[in-house]
Structure formats: C-alpha cells, structure tokens
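Below is one structure, written out as structure tokens; the observations come after it.
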Amino acid sequence: MDDAIYLLAALLLPYAGALVATLLPSNARLLAWLAGGVALLTLGMVGLGFAAIEAGQLPRFEIAWAPELGLSLSLRMDGLAGLFALMVSGIGVLIVLYARYYMSPDDPIPRFFAFLLSFMGSMMGVVLSGNLIQLVFFWELTSLFSFLLIGYWQNVAAARNGARMALTVTAGGGLALFAGVLVLGHIVGSYELDAVLASGDAIRAHPLYVPALVLILLGAMTKSAQFPFHFWLPHAMAAPTPVSAYLHSATLVKAGIFLMTRLWPVLAGTDAWFDILCPVGLITLLLGAYVAIFQHDMKSLLAYSTISHLGLITLLLSLNSDLAMVAAVFHTVNHATFKASLFMAAGIIDHETGTRDIRRLSGLNESMPFTARLALVAAAAMAGVPLLNGFISKEMFFSEALDVATAPSLLHGILPVAATVASILAVTYSLRFIHGAFFGPPTADLPKKPHEPPQFMRVPVEVLVFLCMVVGILPSATIGPLLDIAVRAVLGDATPRYSLAVWHGFNLPLAMSLIALAGGVVLYRLLYRHLNAGLEGTPLLGFLDGRRAFEQVMVFLSWRFARALERRVATDRLQIQLMLLVCTALLAGTLALLPHGLAPGNVAMTTADPVVAIIWAVGGGCALAAAYQAKYHRLAALILLGCTGLATCLTFIWFSAPDLALTQILVEIVTTVLLLLGLRWMPRRIETAGSGAPVARLRRLRDFVIAAAAGLGLTAISYAMMTRVSPDGISREFLNRAYKEGGGTNVVNVILVDFRGFDTMGEITVLGVVALTVFALLRRFRPAPESIGVPDQQQGDAKDWLLVPSVTMRLLFPVIIAVSIYLLLRGHDQPGGGFIAGLMLAIGILVQYMAGGTRWVEDHLRVLPLRWMGFGLLLAVGTGAAAILFQRNFLTSYFAYADLGPLGKLPLASAVIFDLGVFALVFGATVLILIVLAHQSVRSQRAAPPPPLVEPRREPAIAGED
C-alpha cells in the first residue's frame, strides 16, 4: 500500500502537538488534554496500520528526496515497527495522564509537554523509517529531546549533569551508527530498508561486514545502556518520573533493542555477532542486577534493574537462534509494561511522601494500600512470578540458555548458570523494592504525610498492571497475535513454532524458576541487615564506577587534550585566525587547479569601457586606502571599505544584475552600521616603537600579500568562468523553465525559492544559528567604558550626538516598510525578494535606533526578533512540507495568477510564501544582532537588562527530589 498517509500523520502529529503546546498558556489540564489527544490520535494511526497488516498489506508512504543519492522520506510499518509504535503511542497516552497529576503547577508545563511530544514523534520516526539515513536522523533527535527532558529541571545540578552525560554517550553512539549505516549502504548499494533486509547473505560475506557490525552495535549499545556504556542511565533518573517511566522503560532505551532486532536478519547468524553481543549482554545482565540490590533510591534501583533486563534482551538476540529472537521481542514488551508501572508507582510514592529513599520508607501498605498492591503485582512480574507476563518470557530465556549450553564454547556453557544467578538477583531487588517501602512498621519521619494519590493518577499504573496479569494468564489470546505479526516481520517464513502456554509441565526451566524464587528470598534475608545499615556504595564493585571513568575521559578531552591543541594551533588574535583561514582557502584552491590549469575561455574580449574602468579604479583605490588607514584610523578604513562595496554594487548594475546590486547595497548598509557599533568594542591600538616597528611593517606586508593573492586568485577564477560559454550549461535551462515551472520571470528569485529552495532553506537556517550565537555570546557581556576608550559620561543614546534630525528619520519608517513590502511582493517577477525585503525592513529598525537610541526603541517598538525567526523558519519548512500532502516532493511549488483588474495580475505562487519565510527570518536575524550590539555598545544608565526578545515566562520550579 503506497499511499498510507496515516503513517505520515503518526509521524507528524506529535510534532504538531508540540508546536501548539509551546503557544498555549501554562495550564496543566489544557496541555494534558492536548498531549493526550495527540497521543490518542497517533495510537489510532498505528491501529490503522495494524489493520492493513492483518489484511496482508505492508503500509508504506514514500516521497522522493534525493533519488540520485538513494535518499527519500520513506515510512513503512511491518509487524515489528507496529509493535514498537504501539508501545510508543500507547504508553505515551498513559504517561500524559500520569504527568497531568505529577507535575507541579509551578513547573513550565508547556515546555514539558512540548519536549515529551517531540520525543514521541522522534521515536515514531525511528521505528517507522524505511530509510536508514532517515532512521539515524530521528535516532539523534531522540538523543536531543531526551537531553532536554532529563535536564528539564535545569536549576538542579544533577539534572544538568545527567542530561549532559546521556547526550554525550547516546549522541556519540549515534555518530558511530551513522558511520555504520554509511558502510552498510555502500555494501548494499542502497539505504532503503527493504533493499538492506533483502541482502543478508551479501552483507555477511562482504569484507566490510565486521566494521559495519561494530559501528552499528556501538550505536545500539550506547542507546540501550549496555556495558560499558550503562552508567548514563542511573544518572538520568534526575529527570521527572513521567520522563523516567516513558524514556527509560518503554522508548529511548528500547531504541537500541529495536535496531538490533530490525537488522537481525542481515547482521546476526555469525560468530562475530555472538562474540560481541553475548559477553556484553551477559555482563550487563549480571552487573545491573547485582548493583540494583544495593541502591537506596527507588528510581536508581529501577534504573539498574532496567540495565539488567536490557542485557537479558541483548543476550537473547546474540544467540543466533530464532526462538531466542522470539523471546527477546516478547520480553521487550513485558519489560515495558511492568517497568513503566513500577516507575510510576515510585513517582506516586515520592509525590505523596516527599522521598524515594527506601531506608526512610516503611509500612506504606497501611496508608497507600491500592498503590501497594499495584506495585506488588508489577514487582512480581519483574521477578518472574508465575501467572504474570514476566514469568513466561523468563521461562523462554531459561529454555534458550539450556538449548545453547551444549555448544563447545565456554560462554554457551555458563549461560544456564548465569541465567539462574541473574534471576535470583532479580527476585532479591524486587523484594527489596516491595518489602522496604510497603511492609514493616509505619514511619512518621517523612516530609509529607503519606496518602493515596488522586484516582486518575493511579489509572495508568492500573492499566499496565492489568496487562501484566492478563498476558501472564492468557498469553496466546492477548499478546499472541501481536507477537506473531512482529516476529514474522523479522523471520518471515523461517518463523519457528513456539508456545506461549503458561504450563509446560515439570521441566528444567520450571526448576530453574523455582530455584530463582527461593534463592532470591534467601539472599534478601541474608542481606537484609546490610541493606538497612545505611551503607553507601556497592560491595566489591567500587572500581567499576562508570561515572568516574566518564568524567576522567571528559576532563582529558575537554581540558588536557583541548588545551594542548589550543596552545599549538590557536591564538586569541582574530587577525591570525583570519590569516590561517584565507591561507587554507588559497591553498585548497591552488591544489584543485594545479592538475587542470587556469586559462581564459573562448569568448573574445570586448573594448574596455572607461566608465567601468573609473569605477574599478576608485574601488581598488579605496581598498588600498582602507588597508593603509586601518593602521591609523579605523572609522576611515570602514568608510573606505563601504566605498569599495559601492563600487562592487555599481559593477553589478553595469553587468545587468539588479538583484545582486540591491542585495549588495543593503548588505553594505547593514554591515557598515553593525561594524560601527562593533568598533566601540575594540581596544586601543598599541603603537610599536624601536625594534618592533620593522616587524610590524613586515607583518602588514605579509597580510597585504596574502590578501592580494587571494583576491587576484578569485578574480582569475571568475574571469576564466565568465569567458566560457558552454552549450551544455544550465543557464539556458533555468531561463527556459523559470516561468513555465516556477511561475516567475525573475530567474534569480525562482532559482532561490524554487529550483534551489532546499539550499536557501539551509542558508537561512545557518543565518538564524549565527544570529542566536551572537546573541548568546554577547547578551551577558558589556564592555567597561575604560576598555573601549570612551568616558562613562559620554555614553549616552544615539540622539545626543546624531546630526540628522531624528524626526525626519522617524518619518522614514513607514516609507521603508512600504518599500520593503513592495520588494517582497514583486520579487518573483522583478528584482526583489524575501532576502532583500528583510534587509530593507531591518534597515528601517536600524534607522529608528539611530534616531531615538536604544531607550526610545525599547519603549516604542517591541520587535521580538526570535519570534520573527521562528515564524520564518516554520513558514519555509511548512511550505515545503505542504507539497507532501499533495503527493509531491518536498518544496515542490505551485503557481497561479489572480486577475485584479486595473491593478494587474497578482502572482499566487506557493514559492512566494516560502519567500515570506525567508523575509521573516532574515529580518529577525539581522535585528537580533542589531539589538544585542546596540544594547552592549551603548552603556545604559539604569541597571535594568536589555528588553526581552520573547515574552517572559516564570522560572521553572523544582518539585520533589526529582
């Protein structure tokens, strides 16, 4: 089915909901309704996909992106993707309901739900992607939004550190995954998932199989917290409990499991697969279970138990057994249900008692009986108690461990023993979670008087616990059909026969289960005094402190190595950095031209025009004078540089390039004023005397030679290009197709907003990033008067010393606005366009700063450039995405003309809307830089900070110990 638009809806709905959430007021109920509705709709779209799969179809949605490179926006949903999408959206609905009651009203609620929905959309992108490059893109988005969610309480140091650690590890693994995907695509010749899944034999036989395998598994292991990358997950528990319940049980940490399962048909089945994954999974299984026993924080205990269960699933996937793969998928679902419910139960305890420390909790069964029973059932499922879902998948694990134990290798032989030991440890930490919190005498030494939570806060836990019970009692009738669809999507016709029966008679796996249950009870009794003695740390494993190793690596990279590198290649002088940059560009251009040479083309030279010669002579003279004046008078040098730019502008006009001329003159105006503001920051020049003078002259001569070489080189290349006329050139194609396909007679503008629209969108994105960077660097720094050579009393507003009457300049503002709108609307057919119009309007704001100073603009104009930038980028992206709804490629334009009678015809090309986005972003970015420079250069006499660039919001509050 090639038109499954509901797959696109399942991907985009969470992002759309996140965008709306950012625009709503901080109302928990309203935002929860929004997020819950979005999650329900997403779940409904997944349900439509399952209906198509059951009808024998494979739902697809594909839009060509760069077909020549094998790239496309490709969505596909088979049984495996559908099962994970069901977990992402279904548990997401429950998390939203839970968060409605967990989050404090003082928290920045819109930000929370925006991040949560964005993460949901990113996970949907991972599981539904039909292209590996696209999968990596959403993979990294999950790392980004998990970073924002973990660090949600940004005033808490533990949250900031945990978020940074999670991002560093998972995003670093994502880079390894990207490299592995590139290698895999090189082997197959395509990045489409269907082509990759059909090339298993070719991949395993290729010499690059092992490098691709190692890189892809690095990405999967970092995301799923496998040893030695497991340390980030416990530190991510500083996140709010709804985040932990969602990310660290059902979604984020399952992304690595999904990837390994997704690529299991093409990467598994080899000794390399087993030799890498089996030791990693086994160590993670045992280490996580052992450390979990000694954790005093309930969420930390659950975090380490999650690490252990992820190791169990990885171990199953490593066994190169079809039945083991079935057990891995089954346990993935089971773990998501009981672990999400346990995290939410821990959050309820923290919410209603004020602490998660097991040593302080006791006897909550009396004050919180319903929560106690729910947590008891979920913990029993985690321990593998019969008639619960965890028991069935654990029995399958035992059975597979026994089946492979007959293999000759040592790892195979110890698996049954290791599986039993890990299960004993699981029973032990499950008992500690339940017994420590709910049994024993009630305690009065709690921050809050314990009581049951609101009824609807408990509903998500009740739903998940009910699933644990019903799957454990009736597995074939409940999870059986979904599991069969998912497994067949991976194994196809090779799917083995397996049984989900609760009772298989008295056999060795059952004996192992009974030993685990009894052994766990005994071990807990033996460790009871030690666990309640208040001792910190894990016995015998102090040397395996992953956090300390991570910090040592970061100190080495960010301090020692970086400092050593900085001492050798870096400098605090901007001139040196620019010289290195220009020299590198000059060397790169020379090396590229050496094999081919550089000679004039085949176009005969025309007679030199004296007017152009005069213009160039003036421009060249101004350039030389600017270089000379830079030594003595920076303002004069800047004026001379402006004259050089004016000469360039006149050259564009002479050679019939009005669009370039308009852009050049406006850029010259804006940059000249911004540089004038920047001159006030520069320190006084230190004159060199004596023996230093010859050295300074040599340095200036060196800079002059480098600049002249770079300029003459670029001149030579430009001349060689302009004197060549190729019959196969693309210029005639643009001329012939501009009006026919782009709906405009201004070929330059049509190229920018239509033919090369994606390039333009990238350029305006970079412009926005640059503006934000300038703002971030300068917003908190204000140079002292003595550092810039201006007395404090002279630092008034611009109106105190401006020569042009301010009234006249203010009257120019509406005129500039009208001209800006005119340039924007005519750009598709005449010289103009969004970039030029945005600069023109920015100049209008600039003139107001010159006329009235920062205070007058602050009091009378609220530009809010960040909103202009956001609106412009969203409009540009939305215009491109709108084409997808009509089954067209991204940024495909549509045009028509409306006849307005005497007013003429109005172009209605969709590219004009894209150009409006360019206009808004260029205006916002330019004004943002202007505002920060103006406020920093003119020292305000009052202590208030610069005016807000967006509407202010309350600072985030901290709720509980999360």
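Things to note:
- Estimated FRET transfer efficiency when R0 is 30 angstrom, pair E733-I5 (beta carbons, to 0.05): 0.35
- Phi-derived couplings, Karplus 6.51 cos²θ - 1.76 cosθ + 1.60 at θ = phi - 60°, listed residue by residue for region 40-56: 5, 4, 4, 4, x, 5, 5, x, 4, x, 5, 4, 5, 5, 5, 7, x Hz, with x used for Gly and Pro.
- Three-way shape call for region 270-504 based on the alpha-carbon gyration tensor, with the a/c threshold at 1.5: prolate
- When shorter helices are ignored and each DSSP H run of at least 4 residues is given -39500 (n - 2.57), the per-residue value for the chain at 222 nm works out to -23000 deg cm²/dmol.
- Legend: calculated FRET efficiency, Y628 to F137, from the Cβ-Cβ distance at R0 = 45 Å, rounded to 0.05, equals 0.35.
- Note on I639 and L581: the model spin-label points, each 7 Å out from Cα along the C-beta direction, lie 2.7 nm apart.
- Projecting the Cα atoms of G151, F112, G82 onto the dipole axis of the chain, where Lys and Arg carry +1 and Asp and Glu carry -1 at the beta carbon, places G151 farthest toward the positive end.
- The chymotrypsin sites (Phe, Trp or Tyr not before Pro) of region 113-189 include none that meets both criteria, a DSSP state outside H, G, I, E and B (loop) and at most 13 other C-beta atoms within 10 angstrom of the site's C-beta.
- Whole-Hz couplings from phi, Karplus 6.51/-1.76/1.60, listed for region 643-650; x for Gly and Pro: 5, 4, x, 5, 4, 4, 4, 5
- Under 5 Å, built H, 5+ apart or other chain: amide partners of N131: S74, L193
- At R0 = 51 Å, FRET efficiency that the Cβ-Cβ distance of L777 and A64 yields, to 0.05: 0.80
- Under the criterion of Cα pairs below 8 Å and six or more residues apart, the relative contact order for the chain equals 10 percent.
- Segment R573..H504, full-extension length gain: 17.2 nm, with 0.36 nm per residue of separation and the alpha-carbon distance subtracted.
- Other residues with beta-carbon under 14 Å from the beta-carbon of T892 carry, at +1 per Lys or Arg and -1 per Asp or Glu, a net charge of +1.
- Coupling constants for region 218-234 follow from the phi torsions by the Karplus curve (6.51 cos²θ - 1.76 cosθ + 1.60, θ = phi - 60°), and in residue order they are 4, x, 5, 6, 5, 5, 9, 6, 8, 4, x, 9, 6, 5, 6, 5, x Hz; glycine and proline get x.
- Projected label distance in nm at F370 and Q552, using a 7 Å step from Cα toward the beta-carbon: 5.1 nm
- Computed from point charges on the beta carbon alone (+1 for Lys and Arg, -1 for Asp and Glu), the dipole magnitude for the chain about its Cα centre is near 2480 Debye.
- The stretch between N532 and A198, if pulled fully straight at 0.36 nm per residue, gains 114.7 nm over its current Cα-Cα span.
- Between V807 and R699, the contour length at 0.36 nm per residue exceeds the alpha carbon distance by 34.2 nm.
- For the listed residue pairs K254/K449; K254/K448; K254/K394, the alpha carbons are over 26 angstrom apart in K254/K449; K254/K448.
- Ranked by the mean number of other Cβ atoms within 10 Å per residue, highest first, peptides 319-328, 47-56 order as 319-328, 47-56.
- The alpha carbon gyration tensor of region 398-505 gives principal lengths a ≥ b ≥ c with a/c of 1.5 or higher and a/b no greater than b/c, which makes the shape oblate.
Values quoted throughout were computed directly from the atomic coordinates according to the rules given, and no laboratory measurement underlies them. Source: prediction; values computed, not measured. Virtual Cβ from ideal backbone geometry, glycine too; neighbours counted across all protein chains shown.
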